[in-house]
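S.K.: I have a structure here, written as structure tokens, and I will follow up with some questions on it.
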Amino acid sequence: MEEITQSNLYLLLPSKVAWMAELLSEDKNVSIVEAIKMIYSSDMYKRLEDESTKMWHLGPAALYQELIGNKGT
């Protein structure tokens with residue numbers, strides 16, 4: 001397996017966002033598109049896309065908890 005770096009981290013993010021979007025859509029009764037917009041505009045996503053935070057190690061459920069805990073979504 002190749003090492004995860006800032007230059008290839010983007011490859012992991014879509015699947016994590018998709019899982020979180022499903023959870024957010026169901027939990028907040030919003031469309032998938034709206035949920036994705038909420039995720040991409042969140043502070044949690046800014047931290048997730050920064051490899052140095054190592055948040056990419058977290059699974060979708062833990063990331064979702066970060067999202068709703070920090071954003072108050």
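S.K.: Is at least one residue of segment 7-14 of a type outside the set (Val, Ile, Thr), touching an Asp or Glu at 6+ places or on another chain (Cβ under 9 Å) and open to solvent by 70 Å² or more (accessible area, probe 1.4 Å)?
M.R.: For segment 7-14, residues of a type outside the set (Val, Ile, Thr), touching an Asp or Glu at 6+ places or on another chain (Cβ under 9 Å) and open to solvent by 70 Å² or more (accessible area, probe 1.4 Å): present.
S.K.: Could you check segment 19-46 and list, in sequence order, the residues that are part of a helix (DSSP H, G or I) and free of Cβ contacts under 8 Å to residues at least 12 places away in the same chain?
M.R.: Ser25, Glu26, Ile32, Val33, Glu34, Lys37, Lys46
Every residue, every condition in (1) modelled with pLDDT under 95; (2) within 23 Å of Glu2 (Cα to Cα), yes or no:
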| residue | (1), (2) |
| --- | --- |
| Glu22 | no, no |
| Asn29 | no, no |
| Ile36 | no, no |
| Ile39 | no, no |
| Pro60 | yes, yes |
| Ile68 | yes, no |
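The values are calculated or read from the model by the stated rules, or taken from the named source; none is laboratory data. Here the structure is a predicted model, which means the values were calculated and not measured. Glycine gets a Cβ as well: all are built from the backbone with ideal geometry, and neighbour counts include every protein chain shown. Heads up: the accessible areas ignore ligands, DNA and RNA and are worked out on the full protein's heavy atoms, side chains in. Shrake-Rupley method; radii C 1.70, N 1.55, O 1.52, S 1.80 Å.
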